[in-house]
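The values are calculated or read from the model by the stated rules, or taken from the named source; none is laboratory data. From a predicted model like this one, the values you see are computed outputs, not experimental measurements. A quick note on method: Cβ atoms are made from the backbone with ideal geometry, for glycine too, and the neighbour counts reach across all protein chains shown.
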Number of protein chains: 4
Amino acid sequence: MAVRVGVLGATGAVGQRLIQLLDPHPDFEIAALTASGSSAGKTYRQAAKWRVDSPIPDDIADTTVTATDPDEVPTDVDLLFSSLPSSVGAEVEAPFCEEGYVVSSNSSNGRMDDDIPLVIPEVNADHLDLLEVQRDRRGWDGAMVKNPNCSTITFVPTLAALTDFGLEKVHVSTLQAVSGAGYDGVSSMEIIDNAIPYIGSEEDKLETESRKLLGDFDGASLSHNSMAVSASCNRIPTIDGHLENVWVETQDDLTPDEATAAMREYPSLDLRSSPDPLIQVFDEPDRPQPRMDRTLGDGMAIAAGGLQESPFGLQYNCLAHNTIRGAAGASVLNGELLLEKGYI
Amino acid sequence: MAVRVGVLGATGAVGQRLIQLLDPHPDFEIAALTASGSSAGKTYRQAAKWRVDSPIPDDIADTTVTATDPDEVPTDVDLLFSSLPSSVGAEVEAPFCEEGYVVSSNSSNGRMDDDIPLVIPEVNADHLDLLEVQRDRRGWDGAMVKNPNCSTITFVPTLAALTDFGLEKVHVSTLQAVSGAGYDGVSSMEIIDNAIPYIGSEEDKLETESRKLLGDFDGASLSHNSMAVSASCNRIPTIDGHLENVWVETQDDLTPDEATAAMREYPSLDLRSSPDPLIQVFDEPDRPQPRMDRTLGDGMAIAAGGLQESPFGLQYNCLAHNTIRGAAGASVLNGELLLEKGYI
Amino acid sequence: MAVRVGVLGATGAVGQRLIQLLDPHPDFEIAALTASGSSAGKTYRQAAKWRVDSPIPDDIADTTVTATDPDEVPTDVDLLFSSLPSSVGAEVEAPFCEEGYVVSSNSSNGRMDDDIPLVIPEVNADHLDLLEVQRDRRGWDGAMVKNPNCSTITFVPTLAALTDFGLEKVHVSTLQAVSGAGYDGVSSMEIIDNAIPYIGSEEDKLETESRKLLGDFDGASLSHNSMAVSASCNRIPTIDGHLENVWVETQDDLTPDEATAAMREYPSLDLRSSPDPLIQVFDEPDRPQPRMDRTLGDGMAIAAGGLQESPFGLQYNCLAHNTIRGAAGASVLNGELLLEKGYI
Amino acid sequence: MAVRVGVLGATGAVGQRLIQLLDPHPDFEIAALTASGSSAGKTYRQAAKWRVDSPIPDDIADTTVTATDPDEVPTDVDLLFSSLPSSVGAEVEAPFCEEGYVVSSNSSNGRMDDDIPLVIPEVNADHLDLLEVQRDRRGWDGAMVKNPNCSTITFVPTLAALTDFGLEKVHVSTLQAVSGAGYDGVSSMEIIDNAIPYIGSEEDKLETESRKLLGDFDGASLSHNSMAVSASCNRIPTIDGHLENVWVETQDDLTPDEATAAMREYPSLDLRSSPDPLIQVFDEPDRPQPRMDRTLGDGMAIAAGGLQESPFGLQYNCLAHNTIRGAAGASVLNGELLLEKGYI
């Protein structure tokens, strides 16, 4: 029987992707849609400017949107997917957890808190048990798990495949799609025939979230990975798909062939939305490319390519669909993990 | 009195930019235009598919294009600007030098030869005297000077401003405009809503040309700079302007403020096409941007911004107009230097 | 049992779409791939620069490509899909028909010949019987059917729905995607931040093919529709999907509501690739849009919208996926019709 | 001596273009900048997100922005250029006129009022004397002149050149740049790899403004031109430059050669911002194109091309820079006309 779920912030870019993924999902049934106060009381069709490239599901279109408030969400909803702006998330997510809801959140608030698990299931599913610590400390009946930022999710699985070699230094340049900023985040006049070498707070997210994700959880507390990461972030005129150039220096020698093998053999999970393989490594030097490769594994795979020696260690490129693997799909996957591990 | 000049490879993307820059130039007078055999005998208007955003100068439009052959170029032409494909340049440039022509070339062939000066005038004008060695060794009446690749020119001036701090390691990611590949180099189906993390041979150019440019010439031979450089090159959907993310590790401590000061104070030259300042450093973190900043200094300035500390030293972005500062303007500037130093 | 089919010109943009559509098709089995002489003998993976957004089917990748020559194609292949350049098609298609092959062709050569049926199955399936006349006249064992140009296919179904009102005058402006010109047809430097108000021979195709498609076949000969059509064609920076602005003047009064109803009720067919409905009419005035609506009906639907009164009759917009409904899918659909009508 | 002028709505897209044009203008001196209340009190550099491709003039950057209120603008300012949103313009422009200011406005409110002259100087400078009627009727010491919408300005000059042939029916399809919607008007997610066949209220503007512009003023009242116009408007992914496909049916026969001659000979004016020629007609069938031709005549020329016979009369394309000739430059030109005719 399907778990009844809700979407907090259902009208935005990630909210629409969540609906696109959840509507046909056999384990979940959408039972609540929330948005800002000005949308409350409208049907979803009226409230959302739908821009995903598949039609709004009919039943969703006619659903009435409520305010993002625990009192407005039916109590028989067990799991909430949150794609709220972080300023809103910081205010309203905790009250939902207090009321007993389990929240799988894409919002950036609280990601680095030491009792909130930040999870990519194929990378650090064991961190989910930090929820026990969280409940103890916060006295919540509910729980909150976060997925990382879209640009973090793109390169961390490739690093995870290389941890045995001893990660020491990572440089990463990102070429990020406009959808990552939301529907009205980047105006066309800003980006056509242009690129913007700055995305507010983004570099810090790659640098800190990656170390938390690759850290160790001993059952009581989480230590971050000791590698050092430096990121440079750019927005470019693509719709979907973040492409990243990565340099990795490791303690042990690491050849491109060894790295290719490690990435190809890195295990995926049996969760419904996990792709197999998790990381698809191209031999062609000009791949991956956003428009060509962002839909691999239904948008949930990580693509890699261009592995070569640099004067400073290994160098390669990687890519993921930023609103599927990097946001909505990441939250759905965490929902599947919560279900498998018995948290809902 | 103006020097009579010719353009080898006049119909291509860089050739058109050369004409756009040379036609109004007070020191040079266009007296010869060459192209491939199929264009020989046609007027320039017939031979070139003009795509620069200013009209073809009238007198140029009616000039008859000749084959790229020393026998077809008037002997009273003193200076040739070459923007030939490298495979063609490798065959035909040397015969022009043997015949006594001085060639300022943008073609990549021969750039790393140890008796061919590779010059950005504001950076290493003293390397031009390698021409004495060249003439001795090759027995040429003419001479050949090269300018670097467009992506190399974009970041080397910023490194030149930092040499006092002891350059050790440089990582650079490039976001390159389509014009760098020539008019038919990148098809629209390849690049709309996309990015390509590979440009053939480009990474090697940044890594090796930069070390030659920042090397020392002792009057007899040239030693390359000892820094190590690793580049990752990407093509993105912009028309003009290469943007680059740079990380620099130096022997001495280097703060963002010191780097900003060093770049702002780095001297330009009195040559007609040299901008003042050479490097324009933005305080706004989201600049430089290709469409906004590529025409600074009539397309000859280097723009920089986003200077900040990284875990590994200094991090910043830089940008230059790839077909002006990075190609045609670079060759014209070398022509001006040849003139000032008495080589023509 | 599946019909064995071949693809002539299998490496180009439309050829790749044909393979993408035919590979999973239950009625057809790909048994031959041809291309230009330089590709003959290579595997398809080597010969084609694959740019469709799904991977090359494995069995196709390893198929050896042959020259486009009747002697090179197995005789047990019954149906050939042709997406050759028209200059090549004009030379080689007829010899295949002489040898007994039935050809469903997307190439523009011969489309207006009076014994070659030009067919959109949902619009004029009855024209297919012109094949009897063709075989009589040409003495072919095989046969040749053509589908129209991509920009013609986009607007003709909407006109077909309005024929009862007496079509008199049609103005149409097209906003066409770059894929219509083939992979290297439009360079990125031509089209980024630009539009080109000219596509060679395109206007004539809309004006003449539409009148042939909507003409009457009396069993012996075909008379063209008496309406007059004037087209203005533009290339814009979109990857796929032709959008068209249409004005129609009819003999009888025609309101937007009547036109909407006529389009929505216009019947589709039972063929496997025919969408249902054929024409999807939007109420939202800003639809259809290429990126949002080109994949309706798996890329085989016609989308319409913006129906309103103009000072001169009806005005509306329509859209179709130019390389699926407008090219590869059109040929496959004609193949399905040939099969249903017993021509293969 | 320069006239002291102000800019109402100085921080928007058109406001920035106005400053770019007025700052170096020898007849005008910028003495006031207004914007919405939230910007009042800030320097212009703080208030405006400058996105024009030349730097903010230094003196302008440090000017304090005031609210858009007659009490806040110095009384020695004689002429105001207005680029306010129409809803704001409808409220605040008239009070400025009552207070004695002469307003040259680009805002759409009031354009069709029968005592407000709607003027393109080279087309209908004589309409300016409608200001006498306006002052009589409204009791204003000041005055208000409007320029038309950007898409109207693009095609009306070409029609003006053809009036002798008896204009009867005009169909026009527009391919409009994103800058026409203001800096945040079109999000990148809406328009990359896309086109939108709808711009709110735009079609009506082309249809009605064109008839007012080509009407007759008898000294007392204005009659509109009797031609019928139908427009279909599209937004495409270009930064600047509106391209339009036009069909014209005339009372008298009109060949493409006659139309070409009429456009080329159509007189310009001696005003400082009027280009010469006004209309530049290309022989190349694929011109004009937005990126190539929008800066002709410093962005003030009208480009035309593709003149040919259609089944229904003449067919051609035209283009103008929408934020220069179509907006800011149009207002400046009307300011120059006001000055020449002694209204300021």
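Search the range C:14-50 for residues being over 26 Å from residue C:71 (Cβ atoms), within 14 Å of chain A (Cβ to nearest Cβ) and not charged (D, E, K, R), and hand back the single one that is surrounded by the fewest Cβ atoms within 10 Å (Cβ to Cβ). Can you show your working first?
As a first pass, look at the range C:14-50 and keep what is over 26 Å from residue C:71 (Cβ atoms): C:17, C:20-21, C:24-27, C:49-50.
Narrowing further to those that are within 14 Å of chain A (Cβ to nearest Cβ): C:20, C:49-50.
So of that shortlist, the ones also not charged (D, E, K, R) come out as C:20, C:50.
Working: C:20: 21, C:50: 18.
Here the residue is C:50.
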- [ ] For residue A:207, work out the one condition from (1) surrounded by 20 or more Cβ atoms within 10 Å (Cβ to Cβ); (2) within 21 Å of residue A:326 (Cα to Cα); (3) within 12 Å of chain B (Cβ to nearest Cβ); (4) touching a strand residue (DSSP E or B) at 6+ places or on another chain (Cβ under 7 Å) it doesn't fulfil.
- [x] (1)
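Suppose the filter is surrounded by fewer than 19 Cβ atoms within 10 Å (Cβ to Cβ) and not acidic (Asp, Glu); does residue C:215 pass it?
Details: surrounded by fewer than 19 Cβ atoms within 10 Å (Cβ to Cβ): yes; not acidic (Asp, Glu): yes.
Taking the combined requirement at face value, the residue satisfies it.
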Open item on the list: Which of the numbered conditions does residue A:48 fail, given that it passes all the others? Conditions: (1) free of Cβ contacts under 8 Å to residues at least 40 places away in the same chain; (2) out of contact with any helix residue (DSSP H, G or I) (no Cβ under 9 Å at 6 or more places or on another chain); (3) hydrophobic (A, V, I, L, M, F, W, C).
Closed with: (2)
Open item on the list: Please count how many residues of the range A:292-308 are at the interface with chain B (Cβ under 10 Å from one of its Cβ atoms) and under 13 Å from residue B:232 (Cβ atoms).
Closed with: 3
Open item on the list: Go through the range B:129-164 and report how many residues are over 19 Å from residue B:113 (Cα atoms) and more than 21 Å from the chain's Cα centre (by Cα).
Closed with: 1
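If I ask for residues that are outside any strand (DSSP E or B) and in contact (Cβ under 8 Å) with a residue 24 or more places away in the chain, which ones from the range C:27-45 would you list?
Residues of the range C:27-45 that are outside any strand (DSSP E or B), as a first pass: C:27, C:36-42, C:44-45.
Listed by number, the residues that qualify are C:27, C:36, C:37, C:39, C:40, C:41, C:44.
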TODO: Filter the range A:269-299 for residues that are more than 19 Å from residue A:120 (Cα to Cα) and either surrounded by fewer than 18 Cβ atoms within 10 Å (Cβ to Cβ) or of a type in the set (Phe, Trp, Tyr) (or both) and give the result.
DONE: A:282, A:283, A:284, A:285, A:286
Open item on the list: Checking the conditions here, which among C:195, C:220, C:262 is farther than 19 Å from residue C:330 by Cβ, away from chain D (no Cβ under 14 Å) and in contact with a Leu (Cβ under 8 Å, 6 or more places away or on another chain)?
Closed with: C:262
Open item on the list: Looking only at the range A:51-84, count every residue that is more than 14 Å from chain C (Cβ to nearest Cβ) and outside any helix (DSSP H, G or I) and tell me the total.
Closed with: 21
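Give the residue that is farthest from the other protein chains (Cβ to nearest Cβ), with candidates limited to residues of the range D:315-331 that are touching a Phe, Trp or Tyr at 6+ places or on another chain (Cβ under 7 Å) and buried (at least 24 other Cβ atoms within 10 Å of the Cβ). Quick ask: steps written out before the conclusion?
In the first step, residues of the range D:315-331 are kept if they are touching a Phe, Trp or Tyr at 6+ places or on another chain (Cβ under 7 Å); the result is D:315, D:318, D:331.
Add one more test, that the residue is buried (at least 24 other Cβ atoms within 10 Å of the Cβ), and what stays is D:318, D:331.
On the way: D:318: 9, D:331: 20 Å.
Per the criteria, the residue is D:331.
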Task: Residue under evaluation residue B:313, criteria (1) modelled with pLDDT of 95 or more; (2) over 19 Å from residue B:21 (Cα atoms), criterion not met - done: (1)
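Anything in the range C:70-80 that is free of Cβ contacts under 8 Å to residues at least 60 places away in the same chain, loosely packed, with under 14 Cβ neighbours inside 10 Å and of a type outside the set (Ser, Thr, Tyr)? List them, or say none.
So in the range C:70-80, the residues free of Cβ contacts under 8 Å to residues at least 60 places away in the same chain come out as C:70-72, C:75.
Cutting the leftovers down to loosely packed, with under 14 Cβ neighbours inside 10 Å gives us C:71-72, C:75.
Those that are free of Cβ contacts under 8 Å to residues at least 60 places away in the same chain, loosely packed, with under 14 Cβ neighbours inside 10 Å and of a type outside the set (Ser, Thr, Tyr): C:71, C:72.
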TODO: Can you confirm whether the range D:230-238 contains a residue that is within 13 Å of chain C (Cβ to nearest Cβ) and surrounded by fewer than 20 Cβ atoms within 10 Å (Cβ to Cβ)?
DONE: no
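What is the residue count in the range B:294-323 for residues that are aliphatic (A, V, I, L, M) and farther than 22 Å from residue B:14 by Cα? Break it down into steps so the answer makes sense when it comes.
The first filter runs over the range B:294-323 and keeps only residues aliphatic (A, V, I, L, M), leaving B:296, B:300-304, B:307, B:314, B:319-320.
Imposing the further condition that a residue be farther than 22 Å from residue B:14 by Cα reduces the set to B:304, B:307, B:314.
So the answer is 3.
Where in the range D:110-184 are there helices (runs of 4 or more DSSP H), lying fully within it, with 3 or more residues that are in contact (Cβ under 8 Å) with a residue 60 or more places away in the chain, buried (at least 24 other Cβ atoms within 10 Å of the Cβ) and within 14 Å of another protein chain (Cβ to nearest Cβ)?
Working: elements: D:121-124, D:130-138, D:150-160.
Result: D:150-160.
Could you look through the range D:272-291, keep only residues that are more than 14 Å from chain C (Cβ to nearest Cβ) and free of Cβ contacts under 8 Å to residues at least 60 places away in the same chain, and pick out the one that is nearest to residue D:14 (Cα to Cα)? Before the answer, list the steps.
Start the filter on the range D:272-291 by keeping residues that are more than 14 Å from chain C (Cβ to nearest Cβ), which leaves D:272-280.
From what is left, the residues that are free of Cβ contacts under 8 Å to residues at least 60 places away in the same chain are D:275-277, D:280.
Working: D:275: 20, D:276: 24, D:277: 25, D:280: 24 Å.
Ranking the qualifying residues of the range D:272-291, first place goes to D:275.
Identify the residue in the range C:85-102 that is acidic (Asp, Glu) and not in a loop (DSSP other than H, G, I, E, B) and, among all such residues, is nearest to residue C:139 (Cα to Cα). Write out each step before concluding.
Residues of the range C:85-102 acidic (Asp, Glu): C:91, C:93, C:98-99.
Now narrow it down to the ones that are not in a loop (DSSP other than H, G, I, E, B): C:91, C:93, C:98.
Details: C:91: 17, C:93: 15, C:98: 8 Å.
Taking the candidates together, the pick is C:98.
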Task: Exclusive hit being touching a residue at least 24 places away in the same chain (Cβ under 8 Å), touching a Cys at 6+ places or on another chain (Cβ under 9 Å) and buried (at least 24 other Cβ atoms within 10 Å of the Cβ), set A:65, A:103, A:7 - done: A:103
Task: Residues located in the range C:192-222, provided they are closer than 30 Å to residue D:235 by Cβ and in a helix (DSSP H, G or I) - done: C:202, C:203, C:204, C:205, C:206, C:207, C:209, C:210
Open item on the list: Given (1) more than 14 Å from chain C (Cβ to nearest Cβ); (2) of a type in the set (S, T, N, Q); (3) within 25 Å of residue C:310 (Cβ to Cβ), identify the lone condition not met by residue D:245.
Closed with: (1)
Open item on the list: Looking only at residues that are of a type in the set (S, T, N, Q) and in contact with a strand residue (DSSP E or B) (Cβ under 8 Å, 6 or more places away or on another chain) in the range B:253-311, which one is nearest to residue B:338 (Cα to Cα)?
Closed with: B:280
TODO: Could you list all residues from the range B:43-74 that are among the hydrophobic types (A, V, I, L, M, F, W, C) and under 24 Å from residue D:287 (Cα atoms)?
DONE: B:47, B:48, B:50, B:52, B:56, B:60, B:61
